[in-house]
Every structure is written in structure tokens, then in C-alpha cells.
Amino acid sequence: YAGKKPTQSISDSMNAMKVGDFQSMPVVVSESLSVYDAICHMFLEDVGTLFVVDKSSFLTGVLSRKDLLRATIGNKETEKVPVHIIMTRMPNITYCTKQDTLLMASKLMIDKQIDSLPVIQDRGDGLEVVGRITKTNITAAFLSLADDHEL
Ligand code: ADP
């Protein structure tokens, strides 16, 4: 148990976990990208969600694996369909900031039944995407609690 914190302090540690300490790099694409190219991008970047941004790099949409599958079923011309047609769009996007607690981000993902959240910074005239929180980040954080405490 050398160097481990007592079990009792787990709740303090949980409340101290911030999105900014566990987030991953966001992968963003432009609104005019085709569904076909978005699928290639998702594979190459090895992510489950792409964030869509406008010309000012502000968040406008989210593309999940199933969004892309749905758009592909029964449509052979995915090269011709831009992602802005099929994405989930603002203002229906759930997001968080670096300063939010990981607990809050977990609750948003479970309540909204989504796999990831964009981490944003409000620039006044739009939301800049600065990170990504996924269920994998939450699992890593969960494990770090066990590593840091006597269980
Ligand atoms: P999948 O669709 O592959 O199961 P998700 O559960 O993350 O992946 O996405 C479910 C639906 O919710 C999709 O239509 C997706 O566009 C949308 N979605 C994903 N993340 C968000 C988010 N942060 N805010 C709003 N909608 C989202």
C-alpha cells in the first residue's frame, strides 16, 4: 500500500477529476466533406466520433459510427452526400469544458446515451473544439482511482 491514499478519500479524488486532465485530442472535419471521406477519416484516425466544424472552426455537428452506417445503407453514392446533411447538429449537441468534472461528463454521456462529448471553449461567436471525452477516458480515470487508493 506504499504511497496509496486511504479508501475514505476516494470521493474527494473523484470530485477533483477534471475533464481537462483526461481528455483526448479531437478529430474534426469540415461540413462539406463527403460521407465516404468521413468514413475513411474515422478509420484512419481510429476514433468512433468525428466533430464537424464550419469555416471559422466552430462546432456545428457530430458524426457517430451509426450515423455514417445509416447514411450508407441503401445509398451507393456516399461520395456525393456532404456530412452536414446527416450529422447531429447544433443546438442539439451535448458538450463540456475542460473545467467540468469528469463525473458531470459521465452523467451527460449516460443520460443522453452517447459515447463521447466534445470539449469546447466558448469564443463568444462560436464554440471552439479543444478536446474529446469518451467512455475510454472515463474507464481510464476509473482505473486510476483504484491505482491511487487502498482498496
Ligand atoms: P453510435 O450512433 O455509433 O451508437 P453514439 O451513441 O455516440 O454512437 O451516438 C448516438 C447518436 O447521438 C448519433 O446520432 C450521434 O450523432 C449523436 N451524438 C453523439 N454524440 C453526441 C453529442 N455529444 N451531442 C449530441 N448528439 C450526439
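Using the Cβ-Cβ distance between His84 and Gln8 with R0 set to 30 Å, the FRET efficiency works out to roughly 0.05.
When the helices of the chain are scored as -39500 (n - 2.57) per DSSP H run of n ≥ 4 and the total is divided over every residue, the value at 222 nm lands at -10500 deg cm²/dmol.
Projected area of the chain, taken from the Cα convex hull and averaged over every viewing direction, in nm²? All intermediate terms of the calculation are to be shown ahead of the outcome.
On the way: hull surface 41.5 nm².
For the chain, the mean projected area of the Cα convex hull comes to 10.4 nm².
Residues whose amide H comes within less than 5 Å of that of Lys5, counting only those at least five positions distant or on another chain, are His149, Glu150 (H built at 1.01 Å from N in the peptide plane). Taking a cut-off of 23 Å between Cα atoms, list the lysines near Lys107, but don't count ones fewer than 8 places away on the same chain. Excluding near neighbours in sequence, the set is Lys18, Lys66, Lys98, Lys135. The angle separating the long axis of helix 102-112 from the principal Cα axis of greatest extent in the chain is about 40 degrees. The C-alpha atoms of the chain define a longest principal axis, and helix 35-45 lies at about 30 degrees to it. For the chain, the relative contact order is 32 percent, taking Cα pairs closer than 8 Å that sit 6 or more residues apart in sequence and dividing their mean separation by the residue count.
Readers should treat all values here as calculations from the given coordinates under stated rules, not as data from a laboratory. None of these values were measured; they are calculated from a predicted model. No Cβ is skipped: glycine too gets one built from the backbone with ideal geometry, and neighbour counts run over all protein chains shown.
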